[in-house]
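Structure first, then comments.
The values are calculated or read from the model by the stated rules, or taken from the named source; none is laboratory data. Because the structure is predicted, anything quoted here is derived from the model rather than measured. Reconstructed Cβ throughout: ideal geometry from the backbone, glycine too, with neighbour counts over all protein chains shown. For accessibility, only protein heavy atoms count, side chains too; no ligands or nucleic acids. Shrake-Rupley method; radii C 1.70, N 1.55, O 1.52, S 1.80 Å.
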Amino acid sequence: MSFWQEKKLSEMTTEEWESLCDGCGKCCLHKLEDEDTGDIYFTSVVCDLIDLDACRCTRYTERTKLVPECLDLKQHDFAEFNWLPATCAYRLLTDGEDLPSWHPLVSGVPNSVHEAGVSIRSYAMKESEVDDLEDHIIEWLE
């Protein structure tokens with residue numbers, strides 16, 4: 001068994017925790033919340049710190065200082081992960097699911113998330129290029 005099948009998220013080392021990130025970039029998409037229903041809508045817009053080819057933050061270690069609304073998942077209750085995309089390893093493991101076959105930890109291929117078409121690489125745009133987030137709401141086809 002692999003570490004993610006043996007340990008709870010709270011028991012993982014920092015290295016194990018970080019390796020769960022598949023590099024899809026979906027958590028970095030800006031989200032809008034309907035104030036009446038609480039529903040969360042993802043947009044195709046990401047923070048300007050994202051490298052759109054790698055789908056990773058270019059200033060990861062200092063992101064929460066540079067972008068105060070950026071969340072450090074490790075600082076939140078795992079039950080709150082329901083806003084993450086259904087393909088996110090942190091959400092999957094919290095929900096008792098296993099990692100998908102395209103996840104780099106399973107496939108052994110670092111770019112498998114991009115090869116599987118799961119990353120934001122093909123459609124995301126940076127926030128500095130957008131005027132109105134509501135014009136960029138997306139629906140998941142998962």
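A single entry from Asp34, Asp39, Asp98 fulfils the requirement of being touching a residue at least 12 places away in the same chain (Cβ under 8 Å) and either in contact with a Gly (Cβ under 6 Å, 6 or more places away or on another chain) or farther than 17 Å from Ile120 by Cβ (or both): Asp98. Only one of the numbered conditions (1) surrounded by 17 or more Cβ atoms within 10 Å (Cβ to Cβ); (2) among the charged types (D, E, K, R); (3) under 20 Å from Asp39 (Cα atoms) is not met by Arg121, and that is (3).
In segment 12-31 there is no residue matching the filter, namely being surrounded by fewer than 12 Cβ atoms within 10 Å (Cβ to Cβ) and of a type in the set (Gly, Ala, Ser). Selection of helices (runs of 4 or more DSSP H) fully inside segment 1-81 by the criterion of at least 3 residues being at pLDDT 90 or above and closer than 28 Å to Asp131 by Cα returns 63-66.
Residue check: Arg91 meets all listed conditions (1) surrounded by 14 or more Cβ atoms within 10 Å (Cβ to Cβ); (2) in contact (Cβ under 8 Å) with a residue 12 or more places away in the chain but one, namely (2). Is it the case that some residue within segment 104-118 is open to solvent by 30 Å² or more (accessible area, probe 1.4 Å) and under 15 Å from Gln5 (Cβ atoms)? Scanning segment 104-118, I find at least one residue that is open to solvent by 30 Å² or more (accessible area, probe 1.4 Å) and under 15 Å from Gln5 (Cβ atoms), so the answer is yes.
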